[in-house]
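The values are calculated or read from the model by the stated rules, or taken from the named source; none is laboratory data. What you see is a predicted model; the values in this text were computed from it and never measured. Because the Cβ atoms are built from the backbone with ideal geometry, glycine has one as well, and the counts that use them run over all protein chains shown.
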Amino acid sequence: MIELKSPSQIVTMRRAGRILAEVLEALVPAVRPGVTTQALDDLAREAMVRRGGRPAFQGYRGYPSSICTSVNDEVVHGIPSRRKLSEGDIIGIDAGVVLEGYYADSAVTVAVGDVRPQVRELLRTTEEALAEGIAQAQPGKHLSDISHAIQKKAESRGFSVVRDFVGHGIGSQLHEAPQIPNYGAPGKGPLLKAGMCLAIEPMVNAGRWPVKVLEDGWTAVTQDGSWSAHFEHTVAVTESGPEILTEWPKKNPSK
Ligand code: MF3
Ligand code: CO
(Lines give C-alpha, C1' and ligand atoms only; values in the text may rest on other atoms or scores of the structure.)
(Ligands and ions follow the chains in the order given, each with its own letter.)
Protein backbone atom coordinates (compact mmCIF):
# COMPACT_ATOMS: atom_id res chain seq x y z
CA MET A 1 0.00 0.00 0.00
CA ILE A 2 1.32 3.43 -0.95
CA GLU A 3 0.59 5.99 1.75
CA LEU A 4 -0.85 9.33 0.63
CA LYS A 5 0.52 12.33 2.54
CA SER A 6 -1.75 15.15 3.71
CA PRO A 7 -0.94 18.75 2.80
CA SER A 8 0.41 19.34 6.31
CA GLN A 9 2.66 16.28 6.13
CA ILE A 10 3.96 17.58 2.81
CA VAL A 11 4.69 20.94 4.47
CA THR A 12 7.07 19.19 6.86
CA MET A 13 8.63 17.11 4.09
CA ARG A 14 9.13 20.30 2.07
CA ARG A 15 11.01 21.81 5.03
CA ALA A 16 13.15 18.67 5.40
CA GLY A 17 13.79 18.74 1.66
CA ARG A 18 14.78 22.37 1.72
CA ILE A 19 17.32 21.74 4.48
CA LEU A 20 18.79 18.82 2.52
CA ALA A 21 18.96 20.85 -0.70
CA GLU A 22 20.82 23.65 1.07
CA VAL A 23 23.23 21.14 2.60
CA LEU A 24 24.03 19.44 -0.73
CA GLU A 25 24.40 22.77 -2.49
CA ALA A 26 26.80 23.92 0.22
CA LEU A 27 28.86 20.70 -0.03
CA VAL A 28 29.63 21.02 -3.73
CA PRO A 29 32.24 23.81 -3.41
CA ALA A 30 34.02 21.63 -0.80
CA VAL A 31 34.54 18.87 -3.39
CA ARG A 32 38.14 19.56 -4.44
CA PRO A 33 41.31 17.54 -5.02
CA GLY A 34 42.84 16.62 -1.65
CA VAL A 35 39.64 16.74 0.42
CA THR A 36 38.75 13.52 2.25
CA THR A 37 35.32 11.96 2.03
CA GLN A 38 35.23 12.06 5.85
CA ALA A 39 35.64 15.85 5.74
CA LEU A 40 32.55 16.01 3.51
CA ASP A 41 30.66 13.83 5.99
CA ASP A 42 31.60 16.17 8.85
CA LEU A 43 30.54 19.24 6.86
CA ALA A 44 27.23 17.63 5.92
CA ARG A 45 26.35 16.61 9.45
CA GLU A 46 27.17 20.06 10.85
CA ALA A 47 25.17 21.77 8.10
CA MET A 48 22.14 19.54 8.79
CA VAL A 49 22.23 20.04 12.54
CA ARG A 50 22.75 23.80 12.23
CA ARG A 51 19.50 23.92 10.20
CA GLY A 52 17.54 21.85 12.74
CA GLY A 53 17.68 18.53 10.86
CA ARG A 54 19.29 15.18 11.71
CA PRO A 55 21.27 12.92 9.40
CA ALA A 56 18.81 10.19 8.40
CA PHE A 57 21.36 7.58 7.34
CA GLN A 58 23.41 7.47 10.57
CA GLY A 59 22.44 4.26 12.35
CA TYR A 60 20.06 3.14 9.60
CA ARG A 61 20.57 -0.66 9.59
CA GLY A 62 23.86 0.06 11.32
CA TYR A 63 25.16 2.51 8.70
CA PRO A 64 28.10 4.32 10.37
CA SER A 65 28.11 7.78 8.73
CA SER A 66 25.91 10.78 7.95
CA ILE A 67 26.19 10.59 4.17
CA CYS A 68 27.26 8.10 1.50
CA THR A 69 30.26 9.04 -0.65
CA SER A 70 30.72 6.83 -3.73
CA VAL A 71 33.83 7.50 -5.83
CA ASN A 72 34.35 6.50 -9.49
CA ASP A 73 33.40 2.79 -9.86
CA GLU A 74 31.54 2.90 -6.54
CA VAL A 75 27.83 2.96 -7.34
CA VAL A 76 26.16 3.76 -3.99
CA HIS A 77 26.61 3.39 -0.22
CA GLY A 78 30.33 4.26 -0.12
CA ILE A 79 31.39 4.93 3.47
CA PRO A 80 33.25 8.19 4.19
CA SER A 81 36.92 7.58 5.07
CA ARG A 82 40.38 9.15 4.94
CA ARG A 83 40.40 8.64 1.17
CA LYS A 84 41.43 11.85 -0.61
CA LEU A 85 39.73 12.93 -3.81
CA SER A 86 41.92 13.47 -6.91
CA GLU A 87 41.49 15.65 -9.96
CA GLY A 88 39.43 13.72 -12.52
CA ASP A 89 37.47 11.68 -9.97
CA ILE A 90 33.70 11.73 -9.62
CA ILE A 91 31.90 11.46 -6.30
CA GLY A 92 28.30 10.60 -5.62
CA ILE A 93 27.08 12.29 -2.46
CA ASP A 94 23.86 10.76 -1.10
CA ALA A 95 22.25 12.26 1.99
CA GLY A 96 19.07 12.10 4.02
CA VAL A 97 17.57 14.51 6.55
CA VAL A 98 14.91 13.78 9.12
CA LEU A 99 12.94 16.72 10.50
CA GLU A 100 10.08 16.36 12.97
CA GLY A 101 9.68 12.72 11.98
CA TYR A 102 9.68 13.22 8.21
CA TYR A 103 12.40 12.31 5.75
CA ALA A 104 14.01 13.77 2.65
CA ASP A 105 16.55 11.88 0.55
CA SER A 106 18.66 13.25 -2.29
CA ALA A 107 21.89 12.59 -4.14
CA VAL A 108 24.14 14.30 -6.63
CA THR A 109 27.28 13.22 -8.48
CA VAL A 110 30.00 15.84 -8.79
CA ALA A 111 33.16 16.04 -10.91
CA VAL A 112 36.40 16.71 -9.03
CA GLY A 113 38.03 19.36 -11.22
CA ASP A 114 38.29 18.37 -14.88
CA VAL A 115 36.96 14.96 -15.90
CA ARG A 116 37.12 13.07 -19.20
CA PRO A 117 34.39 13.99 -21.73
CA GLN A 118 32.77 10.52 -21.51
CA VAL A 119 32.54 10.92 -17.74
CA ARG A 120 30.96 14.35 -18.11
CA GLU A 121 28.44 12.74 -20.47
CA LEU A 122 27.68 10.05 -17.85
CA LEU A 123 26.90 12.71 -15.23
CA ARG A 124 24.78 14.79 -17.59
CA THR A 125 22.84 11.76 -18.81
CA THR A 126 22.09 10.48 -15.31
CA GLU A 127 20.86 13.90 -14.22
CA GLU A 128 18.68 14.10 -17.34
CA ALA A 129 17.36 10.59 -16.68
CA LEU A 130 16.30 11.73 -13.21
CA ALA A 131 14.55 14.78 -14.70
CA GLU A 132 12.68 12.60 -17.20
CA GLY A 133 11.66 10.16 -14.49
CA ILE A 134 10.42 13.03 -12.32
CA ALA A 135 8.39 14.41 -15.24
CA GLN A 136 6.34 11.19 -15.18
CA ALA A 137 5.42 11.62 -11.50
CA GLN A 138 1.91 12.86 -12.18
CA PRO A 139 -1.60 11.71 -11.33
CA GLY A 140 -2.85 9.26 -13.96
CA LYS A 141 0.57 7.89 -14.88
CA HIS A 142 1.66 4.43 -13.78
CA LEU A 143 4.65 3.85 -11.52
CA SER A 144 6.65 2.11 -14.25
CA ASP A 145 6.33 5.16 -16.50
CA ILE A 146 8.99 6.67 -14.22
CA SER A 147 11.16 3.55 -14.53
CA HIS A 148 10.81 3.41 -18.29
CA ALA A 149 11.67 7.08 -18.84
CA ILE A 150 14.87 6.67 -16.83
CA GLN A 151 15.96 3.51 -18.64
CA LYS A 152 15.23 4.99 -22.06
CA LYS A 153 17.37 8.06 -21.42
CA ALA A 154 20.30 6.14 -19.93
CA GLU A 155 20.39 3.47 -22.64
CA SER A 156 19.97 6.02 -25.45
CA ARG A 157 23.53 7.12 -24.67
CA GLY A 158 24.93 3.57 -24.43
CA PHE A 159 24.96 3.46 -20.62
CA SER A 160 23.22 0.90 -18.40
CA VAL A 161 20.92 1.21 -15.38
CA VAL A 162 21.68 -0.64 -12.16
CA ARG A 163 19.14 -3.38 -11.34
CA ASP A 164 20.07 -4.23 -7.74
CA PHE A 165 19.00 -0.94 -6.14
CA VAL A 166 15.76 0.98 -6.57
CA GLY A 167 14.05 4.23 -5.67
CA HIS A 168 11.32 4.17 -3.04
CA GLY A 169 8.38 5.80 -1.35
CA ILE A 170 9.36 8.15 1.48
CA GLY A 171 7.62 9.94 4.34
CA SER A 172 7.64 9.10 8.03
CA GLN A 173 10.15 6.40 7.07
CA LEU A 174 13.20 6.64 4.83
CA HIS A 175 12.03 3.68 2.78
CA GLU A 176 8.32 3.12 2.17
CA ALA A 177 6.34 1.37 -0.56
CA PRO A 178 6.57 1.34 -3.51
CA GLN A 179 9.94 0.23 -4.82
CA ILE A 180 10.83 2.18 -7.97
CA PRO A 181 13.11 0.26 -10.37
CA ASN A 182 15.08 2.32 -12.87
CA TYR A 183 14.08 0.06 -15.76
CA GLY A 184 10.97 -1.60 -17.12
CA ALA A 185 8.12 -1.41 -19.61
CA PRO A 186 5.80 1.63 -19.33
CA GLY A 187 2.18 1.55 -18.14
CA LYS A 188 2.60 -1.02 -15.36
CA GLY A 189 2.24 -0.97 -11.59
CA PRO A 190 0.08 1.28 -9.42
CA LEU A 191 -1.51 4.47 -10.71
CA LEU A 192 0.15 7.56 -9.31
CA LYS A 193 -2.00 9.80 -7.10
CA ALA A 194 -1.63 13.25 -5.58
CA GLY A 195 -0.09 12.89 -2.11
CA MET A 196 2.39 10.15 -3.01
CA CYS A 197 5.96 11.05 -2.09
CA LEU A 198 8.70 9.28 -4.01
CA ALA A 199 12.50 9.19 -3.86
CA ILE A 200 13.51 8.71 -7.50
CA GLU A 201 17.15 7.71 -7.90
CA PRO A 202 18.73 6.48 -11.12
CA MET A 203 22.12 4.77 -10.79
CA VAL A 204 23.76 4.61 -14.21
CA ASN A 205 26.95 2.73 -15.15
CA ALA A 206 29.18 3.71 -18.05
CA GLY A 207 29.69 -0.01 -18.74
CA ARG A 208 27.51 -2.96 -17.83
CA TRP A 209 24.93 -2.98 -15.05
CA PRO A 210 26.02 -5.79 -12.66
CA VAL A 211 27.32 -4.61 -9.28
CA LYS A 212 28.76 -6.28 -6.19
CA VAL A 213 28.97 -5.25 -2.54
CA LEU A 214 32.43 -5.03 -0.95
CA GLU A 215 33.57 -6.72 2.28
CA ASP A 216 32.50 -3.69 4.34
CA GLY A 217 28.93 -4.83 3.71
CA TRP A 218 27.90 -1.48 2.19
CA THR A 219 29.98 -0.19 -0.72
CA ALA A 220 28.46 -1.26 -4.05
CA VAL A 221 30.87 -1.18 -7.02
CA THR A 222 30.46 -2.02 -10.69
CA GLN A 223 31.60 -5.55 -11.54
CA ASP A 224 33.33 -4.39 -14.74
CA GLY A 225 35.13 -1.48 -13.05
CA SER A 226 33.30 1.12 -15.13
CA TRP A 227 32.36 4.40 -13.45
CA SER A 228 28.89 5.08 -12.13
CA ALA A 229 26.69 8.11 -11.43
CA HIS A 230 23.74 8.59 -9.06
CA PHE A 231 21.24 11.44 -8.82
CA GLU A 232 18.20 11.47 -6.53
CA HIS A 233 15.35 13.78 -5.57
CA THR A 234 12.43 13.45 -3.19
CA VAL A 235 9.29 14.33 -5.16
CA ALA A 236 5.66 14.88 -4.18
CA VAL A 237 3.00 13.97 -6.74
CA THR A 238 0.50 16.86 -6.80
CA GLU A 239 -2.64 17.58 -8.86
CA SER A 240 -0.58 20.03 -10.89
CA GLY A 241 2.35 17.63 -11.44
CA PRO A 242 5.59 16.74 -9.68
CA GLU A 243 6.94 18.99 -6.93
CA ILE A 244 10.66 18.44 -6.25
CA LEU A 245 10.96 18.75 -2.47
CA THR A 246 14.78 18.66 -2.60
CA GLU A 247 15.22 21.22 -5.41
CA TRP A 248 18.36 23.30 -4.86
CA PRO A 249 17.75 26.90 -3.75
CA LYS A 250 19.72 28.34 -6.65
CA LYS A 251 17.45 26.54 -9.11
CA ASN A 252 14.36 27.80 -7.31
CA PRO A 253 15.17 31.09 -5.52
CA SER A 254 11.48 31.85 -4.85
CA LYS A 255 11.15 29.13 -2.17
N1 MF3 B 1 19.49 7.01 -0.88
C2 MF3 B 1 19.84 5.73 -0.34
C3 MF3 B 1 18.64 4.87 -0.18
O4 MF3 B 1 17.57 5.33 -0.37
C5 MF3 B 1 20.62 5.87 0.89
C6 MF3 B 1 20.43 4.93 2.00
S7 MF3 B 1 21.94 4.60 2.66
C8 MF3 B 1 21.78 4.19 4.26
O9 MF3 B 1 18.72 3.69 0.06
F10 MF3 B 1 22.89 4.48 4.79
F11 MF3 B 1 20.85 4.87 4.83
F12 MF3 B 1 21.51 2.95 4.35
CO1 CO C 1 16.97 6.90 -1.56
**Study point:** Residue list for the stretch 215-226, filter: in a loop (DSSP other than H, G, I, E, B) and touching a strand residue (DSSP E or B) at 6+ places or on another chain (Cβ under 6 Å)
**Key:** T219, Q223, S226
Study note, to complete from the structure: Here the residues within the stretch 206-255 that are among the charged types (D, E, K, R), under 26 Å from E121 (Cα atoms) and at pLDDT below 95 are K250, K251
Review point. Any residue in the stretch 3-14 that is among the small types (G, A, S) and touching a strand residue (DSSP E or B) at 6+ places or on another chain (Cβ under 8 Å)?
Key: no
**Study point:** K212 being in a loop (DSSP other than H, G, I, E, B) and surrounded by fewer than 16 Cβ atoms within 10 Å (Cβ to Cβ)
**Key:** no
Study note, to complete from the structure: Given (1) within 16 Å of ligand 2 (Cβ to nearest atom); (2) over 12 Å from the mean Cα position of the chain (by Cα); (3) of a type in the set (A, V, I, L, M, F, W, C), V112 misses just (1)
Revision key, fill the gap. Restricting the stretch 97-133 to residues that are touching a helix residue (DSSP H, G or I) at 6+ places or on another chain (Cβ under 9 Å) and among the polar types (S, T, N, Q), the one nearest to P249 (Cα to Cα) turns out to be S106
**Study point:** Test for H175: is it modelled with pLDDT of 95 or more and either crowded, with 19+ Cβ neighbours inside 10 Å or touching an Asp or Glu at 6+ places or on another chain (Cβ under 7 Å) (or both)
**Key:** no
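To keep it simple, each residue is scored yes or no on (1) at positive phi; (2) of a type in the set (S, T, Y); (3) surrounded by fewer than 18 Cβ atoms within 10 Å (Cβ to Cβ).
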{"site": "G133", "(1), (2), (3)": "no, no, no"}
{"site": "A149", "(1), (2), (3)": "no, no, no"}
{"site": "D164", "(1), (2), (3)": "no, no, yes"}
{"site": "G184", "(1), (2), (3)": "yes, no, no"}
{"site": "A206", "(1), (2), (3)": "no, no, no"}
Study note, to complete from the structure: Listed by range, strands (runs of 3 or more DSSP E) wholly within the stretch 149-204 having at least 1 residues that are away from ligand 2 (no atom under 16 Å from the Cβ) are none
Check your understanding: When the stretch 43-94 is examined, which residues are found to be basic (K, R) and either crowded, with 22+ Cβ neighbours inside 10 Å or within 11 Å of ligand 1 (Cβ to nearest atom) (or both)?
Key -> R61
Study note, to complete from the structure: Taking the stretch 139-148 and the residues there that are more than 15 Å from E128 (Cβ to Cβ), not in a loop (DSSP other than H, G, I, E, B) and not hydroxyl-bearing (S, T, Y), the one that is nearest to ligand 2 (Cβ to nearest atom) would be L143
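Quick one: how many residues across the stretch 17-55 are of a type in the set (G, A, S) and out of contact with any Ser or Thr (no Cβ under 9 Å at 6 or more places or on another chain)?
Going through the stretch 17-55 one residue at a time, the tally reaches 6.
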Review point. Would you say A26 is assigned to a helix (DSSP H, G or I), within 16 Å of ligand 1 (Cβ to nearest atom) and either under 30 Å from S226 (Cβ atoms) or small (G, A, S) (or both)?
Key: no
